[in-house]
Amino acid sequence: MNGTPDASVQTILDAARDLIRLEAAALTNLVDQVDRSTAHVVGLILAGTGKVITTGTGTSGIMAERLSHLLAVTGTPAFYLPCLDALHGGMGSIAPSDLVIAFSKGGKSAELTQLVTRLEERDVRVVAVTESPASEFAAAASHVVTITTDPAEADLGGLVATGSTLVAGAWGDALVAVLMSARQYSWAEVISTHPGGIVGQQETLPDQMRLDTHTGPRTAEEAP
């Protein structure tokens, strides 16, 4: 680095690597948090006749938008509705046949709690994904998935959502993979709806994903 003493370079690299180690630990510690509540969400989606709508505020909203895109790509019709847009009339696009997945790390967003409350009053089922299952946000929802960021230091200062967004994203990725496999949604179908970019240029397709080649998908009741 131009004009930077070697000691400073090493300090920078050590700090960067330390944060990545903390984030990697948080992702590893997510594994044992994936429990029956996640299996229940899978069951709700597979049994549903409507779309999946994701929502959130701040960085949680960004991860919610990411999840809706990945669901749509892999065979689960979904779209993202920003919380504030929903409160300004957008919730009219959500029907009782739909399932809403709402993200809030701390569960303290008054706007998101208001939205979940209103949706439940309209007989729309909401899954709250949060680190705070005792929050008003979680209490307003039909279903709660609790995922924590461990170690908490994976979020800068415990405040800036660095590691916690990765944890939320990884949980969503697992949901996407399980649903794609359960639906037996093919890679050919992926490419058909994703003709743009390098995805649409693929000529050799990966092996089809399967949950369990011997016993088939587990039900929510069979999950540990």
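The values are calculated or read from the model by the stated rules, or taken from the named source; none is laboratory data. The model shown is predicted, which means the values in this text are computed figures rather than measured ones. Counting neighbours? That spans all protein chains shown, and the Cβs are built from the backbone with ideal geometry, glycine included. The area values use the complete protein model at the heavy-atom level, side chains included, leaving out ligands, DNA and RNA. Shrake-Rupley method; radii C 1.70, N 1.55, O 1.52, S 1.80 Å.
Quick one: Kirkwood hydrodynamic radius for the range 1-79, alpha-carbon pairs, angstrom, one decimal?
Details: mean 1/r = 0.0620 Å⁻¹.
Taking every pair of different Cα atoms in the range 1-79, averaging 1/r and inverting gives 16.1 Å.
Specify the inter-centroid distance of the range 1-67 and the range 125-140, based on alpha-carbon positions, in whole Å. Centre-to-centre distance over Cα atoms comes out at 19 Å. For ALA78, the residues whose modelled amide H falls within less than 5 Å of its own, excluding neighbours fewer than 5 places apart on the same chain, are VAL52, ALA72.
For ARG21 and SER186 in one chain, what is 0.36 nm times their gap in residues minus the Cα-Cα distance, to one decimal in nm? Kindly include the intermediate steps, with their values, before the conclusion.
On the way: separation 165, 0.36 × 165 = 59.40 nm, distance 3.50 nm.
Length difference between fully extended and current span is 55.9 nm.
Excluding GLY48 itself, what net charge comes from residues whose Cβ is under 10 Å from its Cβ, given Lys and Arg +1 and Asp and Glu -1?
Values: positive: LYS51, ARG125; negative: ASP98.
Neighbourhood net charge equals +1.
I need the shape label for the range 63-157. Rule: rounded when a/c is under 1.5, else prolate if a/b > b/c, else oblate, with a, b, c from the alpha carbon gyration tensor. The shape class here is oblate.
For the chain, compute Rg over Rh where Rg is the Cα radius of gyration and Rh is the Kirkwood radius from the inverse mean 1/r over Cα pairs. Can you show the working numbers first?
On the way: Rg = 19.3 Å, Rh = 18.9 Å.
Taking Rh as the inverse mean 1/r over Cα pairs, Rg/Rh reads 1.02.
Accessible surface computed residue by residue for the chain, with neighbouring protein chains in place and a 1.4 Å probe, gives 54 Å² per residue.
Antiparallel as a % of all DSSP beta bridges within the chain, to the nearest 5? Mind showing how you got there, number by number?
Working: 1 of 18 bridges.
Percent antiparallel among DSSP bridges in the chain is about 5.
For a test of the definition: using alpha carbon positions, the gyration tensor, and the 1.5 limit on a/c, classify the range 155-203 as rounded, prolate or oblate. It comes out oblate by the Cα gyration axes. Length gained on full extension, GLU120 to ASP32: 28.7 nm, using 0.36 nm per residue less the C-alpha separation.
Our helix-only sum for the chain, with -39,500 (n - 2.57) per DSSP H run of n ≥ 4 divided by its residues, gives a mean residue ellipticity at 222 nm of -14500 deg cm²/dmol. Here the chain exposes an accessible surface that is 56 percent carbon and sulfur, computed with a 1.4 Å probe and the other protein chains kept in place.
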